[in-house]
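Some notes on the structure that comes next.
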Amino acid sequence: MMPIGFPDKFVRYSGRRLFVHSRKDDPDVEFKAFFEDTKWSLWWLPEVNNMCRIRKLGSKARGDKCGAAAGRAGGLNMAFDPQKAKKARAEGSEVRMAPANKGQKAESVNFVTKASPTCEGALRFESASQRGQYLAFFPPCHLRVVPFLEDAEERVLDFLFVDFESMFKFITLEEVLEPIFSESPGAWIDLAKLRDDEAVKSHFKEVMGKEVWDVEDFQAYFEGHWATFEYNAEEQKARMRPKHERLAKQLRATHKAQEVVAAVSKTDESELHRLPVGALARALTALAKVANAEENSEESTSAQIQLLAALRVVGKGDQDKNDIPPFELLHSAEKVLELGGDDPDDTVLVQRSAAARILANKALEGAQKMEGGMIEAGFTLPDVVRFLLLPGAAGRDVQLATSCPKLFEGRSLKEQREVLHTAKGRNSSNTAAAAGTALLKTLSGGVAPTEHVAAPDVHVDSVREVADCGVRLPAAAALLRRMAPSASPLKLAEALLVMAARAGPGQADDIVAISETLASKEAFQNFPIQLILDIVLASSKDDNLQVLVRPAAAMAATVLTQWPFEEMVKLLLSLARRHALLKEEVDDRLRSAAEKCFTSEQFQLLGPNDLAGMVLATLGHGWSRLHEVAGQELLRRLPHFPAKELLMVSPVLFQKHAAQLIGAWPKVLAGGAPKDPKAADGLLPDQLVQLARLVGDQSESEAPDAKQKLMEDLCERLLPKVTELSANGRAQLSQLCKTEGANATHLAKLQKSLVAMAGIQAESGAASSRGKRA
């Protein structure tokens, strides 16, 4: 059924809906499927001359046993709404498919046929119930019932019925060739076989009206339809690409999101899972260009999810050759992270990170397979940073580290440092090592290992950054030693502290030499307060840095009054550990500065940790007056003093204030509310043992009843926690039990618990040994 004036359009049905389509209007529908939906039959009715129903041939309504056919009622009929057609005037009523048994819905489905006054053989269809209302085609694809008198310029009232066999005039050459190629999917077929095929000869003669093409014409056709066919001119053979291969060609060729969505929506999941990585990458990149929520429709989101799922399946495979360059895969890896915009679907949000990881891995693998590696693939040093910033950086660390060394050659120090920083931040230690190696090579500048190296600040900072990453430490320490004489004191000190914290025993000589050079520069007066404190803290623990203690302390003495009290305590406590290295003059200057800062009123303002620290620091320095003031302030706060900090200074306080301390400890353990809300209320099991040993060491003449009560309290607290003690804690407790006497009431239960625990551990060890032997 064709509207006059449109020889390539046919009335088609899809479910209950009707369209007027040409093959071009629905190109994705196969030839036979397209024309299966264009079969119509007229069911003539006897009540009125030329009255009929227009039925879908072979259709069934509910209750029909057989499909509509000649001489058989039923099926689905063209139907319209009579009332709407009357009221809507020129717009008329849309025509749809509806069931109607004999005598039913006559006002909606019955038409009277009339010969067309303008085209011989064509028919017009007037509503039998609404005279003057005609079936009409409105381009591009609509079918309506409209009033005849309401003329519209584009409408077509005349329709021509043609024999179904005429459909073959609308078949394409591709559709003629497809059955031949489908006999051996994906196989190469001789062009001679195609030219001799009867269906091909018939198509050229009856549809195209010419002889079968020669070889050159077929070659031009196949090359013009490269997305569907592949042609070998030398062997004169052709093959039809499988569906997934055609889809891959289509996806690789388009940059429009709408075309990608349309292609994916018409493709089975199984075909998507057969696509190469490059086709999926380009499709996802196209979809990533859709930036706002309005453009991210349900169809677009569905396509994103399907393609991301397909990439996860395909990404597990090992393709011999990437279908797009590695450099483009890296670009796609970055773009897929933009899928869905700022407010993506939850599934897209999760899967896009996995997709970026897969594509980045494939890009790196593709470059590695090239003879010239990453350089041949078009990558430069900044691209290493791009690899590092993508998800899964740690997983490809080894591959990237082994692939990128040549990219560092001839690159600037800034670019090399950026790789180092990024690798460290992304936990890519091997790539950081590669960057560190390149940096140290650049900084040494080809100078002999025994010669000094120029040390501008940026070079010293670079060595510090290498050390901070924990890579190439021997080489970094040796290079910093060669830089030390000409390096600025500030930058050298910063680099040295990092190096000392990271280096191992093998770098001790270098650390000592650098420390000596730094000390000889006598430039500590230019150091910020925090750096001086860091030097003191580090040198108090590391013997390799002890040469720095004296100049750092001397400088600290001149600026101590400018420091926050918390930092002062840290400094004085650290220097107390190295008191023997200090000159008397420096120590006196420190004491004088400390006395100005730490007045009785200031001690009252110190937190528990700082106050305990000052008790220990003043003792270490031998500053008796300050030590007495600090100790008295601490005792004044009892029992409202945190247990942890009190335990720290108890060995000192027990020397002069044993009775007072023994009497206060039970209340401290009971949780006397501390003034500092952050202070800890209790002690760990091992700390309880430590306190018990301190109490046990005190003379019996010191408050014997209070001592007995405290020991009983400690034993009661320890008894349920024996299993939580460390090995050292158990050993100390066992020794305490022996020292105090095994028969003492307050220790007997603990000793029994220790024995029982030892037996359980022995039995467990024996069982484990038997299991291993078995």
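Descriptive notes on the structure:
- Meets criteria (open to solvent by 30 Å² or more (accessible area, probe 1.4 Å) and modelled with pLDDT under 80) for Ala767: yes
- When the stretch 418-438 is filtered for residues that are basic (Lys, Arg) and touching a residue at least 40 places away in the same chain (Cβ under 8 Å), only Lys424 remains.
- Subset of the stretch 105-124 (residues that are loosely packed, with under 15 Cβ neighbours inside 10 Å, in a loop (DSSP other than H, G, I, E, B) and touching a strand residue (DSSP E or B) at 6+ places or on another chain (Cβ under 9 Å)): Pro117, Cys119, Gly121
- Residue match in the stretch 27-37 (condition: more than 25 Å from Phe164 (Cβ to Cβ) and charged (D, E, K, R)): no
- Top-ranked residue in the stretch 166-198 [being part of a loop (DSSP other than H, G, I, E, B) and in contact (Cβ under 8 Å) with a residue 60 or more places away in the chain; ranked as surrounded by the most Cβ atoms within 10 Å (Cβ to Cβ)]: Ile171
- For the stretch 205-230, the set of residues classified as part of a helix (DSSP H, G or I), open to solvent by 80 Å² or more (accessible area, probe 1.4 Å) and touching a residue at least 12 places away in the same chain (Cβ under 8 Å) consists of Glu206 only.
- When the stretch 459-514 is filtered for residues that are part of a helix (DSSP H, G or I), of a type in the set (Gly, Ala, Ser) and in contact with an Asp or Glu (Cβ under 7 Å, 6 or more places away or on another chain), the ones remaining, listed by number, are Ala477, Ala478, Ala500.
- Residue pairs whose Cβ atoms lie under 9 Å apart, sitting 6 or more positions apart in sequence or on different chains, and linking a residue in the stretch 476-496 that is basic (Lys, Arg) to a partner that is in a helix (DSSP H, G or I) and open to solvent by less than 40 Å² (accessible area, probe 1.4 Å), are Arg481/Asp510; Arg481/Ile511; Arg481/Ala513; Arg481/Ile514; Arg481/Thr517; Arg482/Ser444; Lys491/Val460; Lys491/Asp461.
- Residue in the stretch 377-385 that is within 26 Å of Ser462 (Cβ to Cβ), out of contact with any Asp or Glu (no Cβ under 6 Å at 6 or more places or on another chain), surrounded by fewer than 14 Cβ atoms within 10 Å (Cβ to Cβ) and charged (D, E, K, R) present: no
- Test: residue in the stretch 296-311 that is under 24 Å from Leu388 (Cβ atoms), at pLDDT 90 or above and either part of a helix (DSSP H, G or I) or open to solvent by 30 Å² or more (accessible area, probe 1.4 Å) (or both): yes
The values are calculated or read from the model by the stated rules, or taken from the named source; none is laboratory data. Nothing here was measured: the structure is a model prediction, and the numbers come from that model. With ideal geometry, Cβ positions are generated from the backbone for all residues, glycine too; neighbour counts draw on all protein chains shown. Just the protein is used for accessible areas: all its heavy atoms, side chains included, with ligands, DNA and RNA removed. Shrake-Rupley method; radii C 1.70, N 1.55, O 1.52, S 1.80 Å.
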